[in-house]
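Comments concern the structure below.
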Amino acid sequence: MVDTRVDTPSHLFYRIWQQRYPLSGLGILFALSLFTTGESLLRLGVAGVIVIVWLFSHLLAAYRRPLVIDPLLASTTLIFCLWLILSIFWSVSFSTTFVNSFWLSTLGAGFMVITLYRPSAQQWRDHLSLVIAITVISSLYACYQFIWLEAEPRSVFLNQNNHAALTNIALLFLLSIALLQRPWRLTPIIATTITILLFTMFISQSRGAMLSLAISAVALTFLLWRRVPLRAAIQLLLLTLFAYLLSELAAGGEIATTVKSFGNSFNEGKVRFDIWHDALQLWHQFPLLGSGFGSFWLTFPSVRNPETTDYFFYAHNDYLQLLLEVGTIGLLLLFLLYAVIAHRYLLLFRVRDSHPNQYIEGSLMIVTLGCIAIHSFFTFNFYLMSILLLLGMALARFQQLLLQCQQTPTTLRLATLFPRRPAFVAITVAVALLLGHYPLALGVSDLTKSRGIRAIQQGDLKQGYRDFSLASRISPGVDVFHLLQGNFGLDILRRKRSEEFVQRTTNSYRSCLEVNRYRVECALGMAQLFRKFVPEIEMSDEIEALYRDALSKNRGHPLVLAHFAQLLIEQRRIKEAYALLNGTENYQMHGKGYPLYLQTYISLLETMGVPREEIIRKLKLKIAKS
């Protein structure tokens with residue numbers, strides 16, 4: 001019988017939305033996630049809103065659709081994500097953990113969207129093709145940076161290691177498409193794409209990325225032995241060799257040096273070992289629950305040895321950092337997820353003969369997850385929105401392939417759990433609004449802050465201060481806006497003293513410390529405010545307490561050391577000032593305060609009557625150590 005029904009506009013719109021929205025939503029979110037590194041709160045806020053809209057719109061669309069899930073895999077994935085998000089309640093900085101939770105949520109969002117959407121094989125290939133195309137564009141930009149600009153080939157990432165991890169994921173995704181072709185054909189597009197991705201990975205000189213990809217290649221050879229054509233393996237090997245030779249030519253022989261350095265991994269990795277050694281001290285402070293997801297950069301300065309270890313935002317070992325931030329419980333939940341994934345893969349391995357395509361693609365999804373899991377021992381892939389999004393999608397696709405091999409998979413219907421659709425819609429929208437208002441407010445506050453900066457640059461100081469005040473009121477739980485308002489208030493006071501501004505600036509710094517007690521800049525700003533504009537004698541103890549508290553949070557901060565030493569010199573406590581400055585070295589991450597630190601040190605030595613030649617010798621020694 002011929003279907004003579006005519007689509008109404010609403011039905012037609014729904015069909016287009018169902019077919020195109022998931023792909024376009026993924027493209028927008030993945031492209032934006034590449035630029036979301038925490039440096040721009042506006043981008044972070046927009047990305048958070050898009051994640052919520054993307055996820056909850058799929059949840060609404062799946063109301064009457066049967067959801068086929070693996071209960072154990074789905075529950076362990078979501079419980080792990082939920083634990084990291086819940087760490088906001090015991091975090092040392094609520095706003096820091098809440099902001100980082102939006103990065104992390106892309107892992108759960110990617111998993112849930114693919115689970116809710118249940119793409120067909122063709123739709124899944126479309127999704128992967130879009131991801132690969134965007135990654136190739138990013139890789140070409142990295143090549144431009146390396147060849148023409150003679151800079152690190154990191155594209156839009158913080159460093160080249162993270163971009164190398166992304167190229168590894170895209171490469172394995174591409175193989176999951178190519179190896180399922182029957183018959184096997186190495187088309188020019190596939191060959192060119194593989195070459196670009198491998199070339200970019202090699203010129204990154206990321207030993208962790210090379211090692212994890214090599215282990216992944218060995219694992220694939222073992223798992224897919226005799227299941228893919230021998231010709232395909234030979235052609236892929238030749239492409240790898242060709243990309244390596246190209247990268248060696250472009251890098252002038254540096255790639256071979258990087259490969260040889262695997263034999264001297266202890267000396268090459270000494271910086272990381274120093275970080276890990278110091279960071280482990282934090283575990284004794286927060287053993288069970290951790291200090292809150294994303295808070296490592298705040299707590300690490302309190303335990304690092306400033307004479308041996310630089311200041312870092314990440315531990316460069318995701319497992320160690322998760323142990324410190326979400327505690328022993330959080331790390332055990334991650335290992336439980338790994339164990340469940342391994343168990344589920346064994347189920348797929350047992351039916352490899354009856355479901356060959358599902359086995360090949362499922363193996364590639366598992367190897368993709370394993371590749372990043374190995375690389376994460378040496379970098380911070382778990383803290384990158386784009387990487388987490390793709391990992392969540394790969395895990396959901398593995399679940400889908402596994403369920404295709406089961407005769408009676410578990411089926412869940414949201415309509416059964418929530419019989420009344422209006423109530424389900426109301427609850428879903430309410431939760432989405434509850435979660436979405438925070439990143440939205442964050443983005444608005446960042447826009448307001450930028451407007452205030454422009455006003456100051458144009459000479460309108462009052463408008464700039466009003467914008468900073470508005471930004472801090474819109475997002476009262478974010479320390480950076482209070483800090484910015486306090487610093488600008490301090491600058492205004494240097495030009496014209498006002499008791500009202502003294503009180504306002506004090507309140508700004510106090511609000512900053514209430515929101516984040518590890519924000520050393522707030523304690524430093526308040527101490528400077530009290531020293532210059534609150535001259536009462538009784539404030540000296542509080543000023544000293546502020547400096548000592550700041551040093552307990554960051555043992556090598558040069559600005560705190562310099563200002564504290566100046567206070568001690570004013571109080572004629574010369575020996576204490578000398579012990580403070582002479583026993584601490586400082587490093588590049590706080591370079592803005594280093595000149596003042598050296599100037600204070602020289603003035604102190606002159607006050608002590610140290611000969612000029614000895615001052616020069618001490619200064620050279622201190623600079624050389626730094």
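The values are calculated or read from the model by the stated rules, or taken from the named source; none is laboratory data. Predicted model, so just to flag it, every value in this text is computed and none were measured. Virtual Cβ from ideal backbone geometry, glycine too; neighbours counted across all protein chains shown. Side chains are part of the model used for accessible areas, which takes the heavy atoms of the whole protein and leaves out ligands, DNA and RNA. Shrake-Rupley method; radii C 1.70, N 1.55, O 1.52, S 1.80 Å.
Over all Cα pairs of the stretch 365-447, how is the pair count split among 10 Å bins, expressed in % and running from 0 up to the last occupied bin?
With a bin width of 10 Å, the distribution comes to 13, 22, 29, 29, 6, 0.
Give me the distance in nm between label points sitting 7 Å out from Cα along the Cα-to-Cβ direction at GLU542 and ARG231, one decimal.
Going by the 7 Å Cα→Cβ label model, 8.2 nm.
Could you tell me how far the Cα centroid of the stretch 232-251 sits from the Cα centroid of the stretch 404-421, in Å?
Distance between centres, Cα-based: 47 Å.
Find the relative contact order for the chain and round it to a whole percent, using C-alpha pairs within less than 8 Å whose residues are 6+ positions apart.
Working: 828 pairs, mean separation 116.2, N = 626.
About 19 percent, as a whole number.
For the stretch 159-229, would you read off the P(r) tail past 15 Å as a percentage of all alpha carbon pairs? Numbers along the way, then the final one.
Working: 1413 of 2485 pairs.
Summing the P(r) of the stretch 159-229 above 15 Å gives 57 percent of all pairs.
Using a 1.4 angstrom probe and counting only protein chains, how large is the accessible area of VAL480 in Å², to 10?
Around 50 Å² of this residue is reachable by solvent.
With everything on Cα atoms, drop me the angle between helix 270-279 and the longest principal axis of the chain, reported from 0 to 90° to the nearest 10.
80
Work the Kirkwood hydrodynamic radius out for the chain: mean of 1/r over every pair of different alpha-carbon atoms, inverted, in Å.
Working: mean 1/r = 0.0366 Å⁻¹.
Value: 27.3 Å, from the Cα pair sum.
Quick one: check the C-alpha center-to-center distance for the stretch 467-498 versus the stretch 63-85, whole angstrom.
After rounding, the separation between the Cα centres reads 43 Å.
For an R0 of 35 angstrom, estimate the FRET efficiency from the Cβ-Cβ distance between PHE222 and LEU288 and round to the nearest 0.05. The partial results should precede the final answer.
Values: r = 39 Å, r/R0 = 1.10.
It comes to 0.35.
Across every pair of different alpha-carbon atoms, what Kirkwood hydrodynamic radius in Å does the stretch 98-152 reach? Before the final figure, lay out each step's value.
On the way: mean 1/r = 0.0725 Å⁻¹.
Taking the inverse mean of 1/r over all distinct Cα pairs, the stretch 98-152 comes out at 13.8 Å.
Using Cα atoms only, what is the angle between the long axis of helix 594-607 and the major principal axis of the chain, expressed in degrees (0 to 90) to the nearest 10?
Rounded to the nearest ten degrees, it is 20.
Among all cysteines in the chain, which have no other cysteine Cβ under 4.7 Å from their own Cβ?
Isolated Cys, the chain: CYS81, CYS143, CYS371, CYS405.
Taking the Cα atoms only, what angle lies between the long axis of helix 612-625 and the longest principal axis of the chain, rounded to 10 degrees?
10
Along the charge dipole of the chain, pointing to its positive end and built from +1/-1 on Cβ of Lys, Arg, Asp and Glu, which listed residue (ALA339, GLN599, ALA178) has its Cα farthest out?
Working it through, the farthest residue towards the positive pole turns out to be ALA178.
Per 10 Å bin from zero, what fraction in whole % of the C-alpha pairs of the stretch 493-585 is there, up to the bin with the longest pair?
Reading upward from the zero bin: 16, 47, 30, 6.
If you count only protein heavy atoms and use a 1.4 Å probe, how large is the accessible surface of TRP276, to the nearest 10 Å²?
Number for this one is 50 Å².
Of all accessible surface on the chain at a 1.4 Å probe, what whole percent is carbon and sulfur?
Carbon and sulfur atoms account for 64 percent of the accessible area of the chain.
Report P(r) for the stretch 335-473: all Cα-Cα distances, bin width 5 Å, range 0 to the bin holding the largest distance, values in whole percent.
For the stretch 335-473, the binned pair fractions read 2, 8, 11, 10, 10, 10, 12, 11, 8, 6, 5, 4, 2, 1, 0 percent.
Given LYS449/LYS496; LYS462/LYS575; LYS553/LYS618; LYS462/LYS532; LYS496/LYS620, which pairs have Cα atoms separated by over 32 Å?
Working: LYS449/LYS496 23 Å; LYS462/LYS575 44 Å; LYS553/LYS618 27 Å; LYS462/LYS532 22 Å; LYS496/LYS620 40 Å.
Cα-Cα > 32 Å for LYS462/LYS575; LYS496/LYS620; rest within.
Let me know the longest stretch in the chain that avoids all trypsin sites (Lys or Arg not before Pro) found in a DSSP loop with at most 12 other C-beta atoms within 10 Å. Walk me through the numbers on the way to the answer.
Working: sites that count: ARG5, ARG64, ARG185, ARG226, ARG420, LYS496, ARG497, ARG572.
For trypsin sites (Lys or Arg not before Pro) (loop position, at most 12 other Cβ atoms within 10 Å), the longest site-free span of the chain is 227-419.
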